[in-house]
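Chemist: My structure is below; once you've seen it, I'll send some questions.
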Amino acid sequence: MSHPEFPAELPPIPDNPYIFLGGTCGGSDWRDDFTRAMHYNIAESDTKIMKSALTLDPRVSDWTQGVVNAEGEAKDKATGLVFYLGDPEDPSSRASMYSGAEAMLYSLTRPLDTAVILDITSPWSTRHDDRQRMNLAKLIYDNSPETTIAWSTNDATRWAACKLLGLPYVQKVPAGTEKYTPWFDVTA
């Protein structure tokens, strides 16, 4: 699929620590919101890091084999990986099977470096999506409990800021999400 609004090539891979932003693409603007929130969170803690690239946005206008190879290298070198699995009911955020598979792959192969956003704050949430979210969260947790499951972009930016700053992150289940995580053993 062609997206002329995106750049033709991936940005250069930063020399500094950065977070790779994978997952839902298309018309979704979650990456822009995430990057703004990252700058806010990091600015509070470390002005030296603020001068470098904090995230790598892999969206491009045309998906070629060269882009696939460059993206693979960017993921391998990333300090952390965030995969946003958007709500399939949101017309700007079509969830793809590939994004879900990729999130699961990195949850298994790099669990301490991976966060998966299952956004419950979307106005497009439906009862069907709640069940899908709960099943995916349980699948990730059962197979890779070290992977961070974030319930919003804001939760994931806190994880990413800790990752870039070398600080510990304690995963919490936000109030109101118990219906998604009756099996989760950490409470807010």
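Bear in mind these aren't lab numbers, they're just calculated from the coordinates by the rules spelled out. Bear in mind that the values here come from a model prediction, so they are computed numbers and not experimental data. Backbone-built Cβ (ideal geometry, glycine too); neighbour counts: all protein chains shown.
Chemist: Report, by chain and number, residues whose modeled amide H sits under 5 Å from the one on Thr114, excluding near sequence neighbours (fewer than 5 apart, same chain).
Modeler: Leu81, Thr148
Chemist: Let me ask something else. Which FRET efficiency value, to the nearest 0.05, is calculated for Asn143 and Thr64 with the Förster distance at 41 angstrom and r the Cβ-Cβ distance? Before the final figure, lay out the partial values.
Modeler: Working: r = 32 Å, r/R0 = 0.78.
FRET efficiency, Asn143 to Thr64: 0.80.
Chemist: What are the ³J(HN,Hα) values, in whole Hz, obtained from phi via the Karplus relation 6.51 cos²θ - 1.76 cosθ + 1.60 with θ = phi - 60°, for each residue of region 31-37 in sequence order, with x given for Gly and Pro?
Modeler: Per residue, the Karplus-derived 3J(HN,Hα) values read 5, 5, 4, 4, 5, 4, 5 Hz.
Chemist: Would you order Ile140, Ile13, Ile149 from fewest to most other beta-carbon atoms within 10 Å of each residue's own beta-carbon?
Modeler: Ile13, Ile140, Ile149
Chemist: What order do you get for Val60, Val116, Val82 when you list them from fewest to most C-beta neighbours inside 10 Å?
Modeler: On the way: Val60 20, Val116 27, Val82 30.
Placing the least packed residue first, the sequence is Val60, Val116, Val82.
Chemist: Hey, what do the phi angles of region 140-157 turn into as Karplus ³J(HN,Hα) couplings, whole Hz, using 6.51/-1.76/1.60 and θ = phi - 60°, x for Gly and Pro?
Modeler: Rounded to whole hertz, the list is 5, 4, 5, 9, 7, x, 7, 6, 7, 9, 9, 9, 7, 4, 4, 4, 5, 5.
Chemist: Sticking with this one: Expressed in nm to one decimal, what extension gain is obtained for the pair Phe6 and Leu108 from 0.36 nm per residue of sequence separation less their Cα-Cα distance? Can you show the working numbers first?
Modeler: Details: separation 102, 0.36 × 102 = 36.72 nm, distance 2.99 nm.
Extra length available between Phe6 and Leu108 comes to 33.7 nm.
Chemist: On to the next question. Search the structure for amide H atoms under 5 Å from the amide H of Thr55, placed 1.01 Å from N in the peptide plane, and list their residues when 5 or more places away or on another chain.
Modeler: Under 5 Å from the amide H of Thr55: Ile19.
Chemist: Another question, then. Sorting Leu21, Leu10 on the 10 Å Cβ count, fewest up front, what's the list? The partial results should precede the final answer.
Modeler: On the way: Leu21 26, Leu10 19.
Least to most surrounded, the residues fall as Leu10, Leu21.
Chemist: Residue by residue through region 111-121, what is 3J(HN,Hα) from phi via Karplus (6.51 cos²θ - 1.76 cosθ + 1.60, θ = phi - 60°)? Round to whole Hz and write x for glycine and proline.
Modeler: Running phi through 6.51 cos²θ - 1.76 cosθ + 1.60 with θ = phi - 60° gives x, 6, 9, 10, 10, 10, 9, 10, 5, 8, 8 Hz.
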